[in-house]
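Shown next, in structure tokens, is the structure this report addresses.
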Amino acid sequence: MVKTIGLIAAVAMPLWNIPLILKLEQRKSSKDISVAWAVGVWVCIVLMVPAGLTSADAVFRAFTVVNTILFTAVAIQVVRYR
């Protein structure tokens, strides 16, 4: 039960990036988001990918995949509108 809840949360949490991506797209601006912050967070996420993908923990693996994909989209939008 705990693993199932964790897995659902691991997939759901990065989904909160979607409204941010849509807001950036709608406004055609990323002036309220620091490029250094977005790129710094993205680099840290990418550096954690090997550990996440090789982990025996399914929750961590799922979070790694979903978070990497969606935060990559955030970082692209931020850089795109700068």
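In table form, for the structure just shown:
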{"quantity": "Accessible area (Å², 1.4 Å probe, nearest 10) - residue 2", "calculated": "120 Å²"}
{"quantity": "Heavy atoms of residue 13 accessible to a 1.4 Å probe, total area in Å² rounded to 10", "calculated": "110 Å²"}
{"quantity": "Per residue solvent-accessible surface (Å²) - the chain, probe of 1.4 Å", "calculated": "64 Å²"}
{"quantity": "Computed accessible area, residue 42, all protein chains, 1.4 angstrom probe, square angstrom", "calculated": "90 Å²"}
{"quantity": "Global form of the chain, assessed from the alpha-carbon gyration tensor, a/c cut-off 1.5", "calculated": "oblate"}
{"quantity": "Accessible area, probe 1.4 Å, largest first, for residues 29, 34", "calculated": "34, 29"}
{"quantity": "Accessible area in the full protein assembly, largest first, 1.4 Å probe, for 24, 47", "calculated": "47, 24"}
{"quantity": "Mean separation of Cα contacts under 8 Å, 6 or more apart, over the residue count of the chain: relative contact order %", "calculated": "50 percent"}
{"quantity": "Accessible surface of region 1-51 [probe 1.4 Å, protein heavy atoms]: carbon and sulfur percent", "calculated": "79 percent"}
{"quantity": "Cα-based shape type of region 1-49, given that a ≥ b ≥ c are square roots of the gyration tensor eigenvalues and the cut on a/c is 1.5", "calculated": "oblate"}
{"quantity": "Extension gain from residue 18 to residue 53, taking 0.36 nm per residue of separation minus the Cα-Cα distance", "calculated": "10.3 nm"}
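The values are calculated or read from the model by the stated rules, or taken from the named source; none is laboratory data. Everything quoted here is computed from the prediction, not taken from an experiment. Note: areas computed on protein heavy atoms with side chains; ligands, DNA, RNA excluded. Shrake-Rupley method; radii C 1.70, N 1.55, O 1.52, S 1.80 Å.
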